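Notes to accompany the following structure.
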Amino acid sequence: MWNGFFYFNNRYTFAKKIFEVTKKQNKHIENEKQFKGLTVNDGIDQPSSFDDNSIKRFLKKKRKKLLSVDEYVSGILDGNITILSQAVTLVESAKKEHQQIAQNIILKCLPHSGKSVRIGITGVPGVGKSTFIESMGKYITRQGGKLAVLAIDPSSERSKGSILGDKTRMEELSADSNAYIRPSPSAGSLGGVARKTRETIILCEAAGFDTIFIETVGVGQSETVVHSMVDFFLLLMLAGAGDELQGIKRGIMEMADVITINKADGSNIEKAEMARVQYLNALHLFPSTDSGWKPKVLTCSAVEKKGISTIWDTISEYLDFVKSNGYFQHKRNEQSKFWMYETINDQLKSNFYQNKGIKEMADDYENKVLNEEISSFVAAKKMLDYYYQSQKDKE
Ligand SMILES: Nc1nc2c(ncn2[C@@H]2O[C@H](COP(=O)(O)OP(=O)(O)OP(=O)(O)O)[C@@H](O)[C@H]2O)c(=O)[nH]1
Ligand SMILES: [Mg+2]
């Protein structure tokens, strides 16, 4: 090998030679006579079909044909999971064309929605939410219920995938024809994820699901978002982990209709019972709830499927209570109003930031503010004035 190197009068020609030869398939320099004992064999033939046209053909075949709005709606009303999934994908899509179809589907499904019970399930990572959903879910479907499991994962925007609603922890449920599991959409903002989940609830209800679980991680804003779209809020806790460790803020405990100490099994049973009493005492310090319901603290083992029926009975007891005192409908009405304004805020904000002129001037104003040439408020006012004027010009 090294001999050949000196054969060529300079490095560049050597490298160029190597490059040319290697490009000429198998005319490898090392197959030349002076490099005895070394043989470079042919590589695997590259399929010549990877030209542009074949890639385009492949993508076209891959892109599912869009159905008509009525086809989606009748498929959903028939409880067809495949069509429901396709419709949910349209809801989650950022494409304007898909959004348009999705809004029409939602509009036509709205009259068939609202009849489910919407249950939010939250708790710190690893507390056992997914395992619990698997156990409670099987309990519900065994009784003939139809369950949809949705998830709101604040990290999905970063992780582009959701740990929540993960099917790996819900093996039996994901194989159950009476259950539908949909991991968190990964949209830009939590507000975006929430709106899409709320719209997905409507489609799932129109498809005949009578119970809807929404799993979310109990560490940030997402609980408040979930709380504003469910009828019942279940907080899962662990024994002996202490509030501060679990990072559970007071606010979340106040939102809970039932607190359940999970993993009450093995050597943890006694600790779980002690924690149950501790939380019950803590709840007595909180002001009474709007619904008049006294939140309960229970224990369960999601893995050993213990305490599951008691929790379900408590949920039914709560629903009877709030349906009889009118709070159920009151809360639904408040939520519908809340989501009307949330959607408006969302749309206005994205409209503003999508505006071409605003996009162009934003950096400039940021710099002016940072250089203290103008105040933040003056900068904001100038951009808003521009935006209103651009809207007026459109009229
Ligand atoms: N001993 C015991 N372990 C449990 C129980 N429930 C869940 N686990 C275990 O706790 C771990 C986390 O369970 P998950 O159901 O994934 O928890 P999660 O809250 O969904 O976690 P994230 O989705 O990551 O937030 C797993 O190893 C489960 O097997 C239980 O009742 N008892
Ligand atoms: Mg989970």
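Looking only at region 297-329, count how many residues are open to solvent by 10 Å² or more (accessible area, probe 1.4 Å), in a helix (DSSP H, G or I), under 20 Å from residue 145 (Cα atoms) and of a type outside the set (S, T, N, Q).
6
For residues that are more than 16 Å from ligand 1 (Cβ to nearest atom) and under 15 Å from residue 179 (Cα atoms), scanning just region 94-142, find the one that is most open to solvent (accessible area, probe 1.4 Å). Spell out the reasoning first.
Here is the first cut: in region 94-142, the ones more than 16 Å from ligand 1 (Cβ to nearest atom) are 94-118, 140-142.
Those still in the list that are under 15 Å from residue 179 (Cα atoms) too: 116-118, 140-142.
Numbers: 116: 4, 117: 23, 118: 21, 140: 8, 141: 13, 142: 159 Å².
Per the criteria, the residue is 142.
What strands (runs of 3 or more DSSP E), lying completely within region 106-204, carry at least 1 residues that are within 28 Å of residue 239 (Cα to Cα) and modelled with pLDDT under 95? Spell out how you get there, then give the answer.
Values: elements: 117-123, 147-152, 179-182.
Here the list reads 117-123, 147-152.
Just need a number here: residues in region 270-280 that are more than 10 Å from ligand 1 (Cβ to nearest atom), under 17 Å from residue 308 (Cα atoms) and surrounded by 15 or more Cβ atoms within 10 Å (Cβ to Cβ).
So in region 270-280, the residues more than 10 Å from ligand 1 (Cβ to nearest atom) come out as 270-271, 273-280.
With under 17 Å from residue 308 (Cα atoms) added as a condition, the list becomes 273, 276.
Still in the running and surrounded by 15 or more Cβ atoms within 10 Å (Cβ to Cβ): 276.
Summing the residues that are more than 10 Å from ligand 1 (Cβ to nearest atom), under 17 Å from residue 308 (Cα atoms) and surrounded by 15 or more Cβ atoms within 10 Å (Cβ to Cβ) in region 270-280 gives 1.
For region 370-379, give me the residue count where each residue is in a helix (DSSP H, G or I) and open to solvent by 40 Å² or more (accessible area, probe 1.4 Å). Even if it seems obvious, please write down each step before you answer.
Residues of region 370-379 in a helix (DSSP H, G or I): 370, 376-379.
From the residues that got through so far, the ones that are open to solvent by 40 Å² or more (accessible area, probe 1.4 Å) too are 370, 376-378.
Of the residues in that region, 4 qualify.
Looking at (1) surrounded by fewer than 11 Cβ atoms within 10 Å (Cβ to Cβ); (2) in contact with a strand residue (DSSP E or B) (Cβ under 8 Å, 6 or more places away or on another chain), which is the only condition residue 394 fails?
So the condition that residue 394 fails would be (2).
The values are calculated or read from the model by the stated rules, or taken from the named source; none is laboratory data. Every value quoted in this text rests on a predicted model; they were computed, and no experiment measured them. Here the Cβ is made from the backbone with ideal geometry for all residues, glycine too, and neighbour counts use every protein chain on show. In case anyone asks, the SASA skips ligands and DNA or RNA and just uses the protein heavy atoms, side chains included. Shrake-Rupley method; radii C 1.70, N 1.55, O 1.52, S 1.80 Å.
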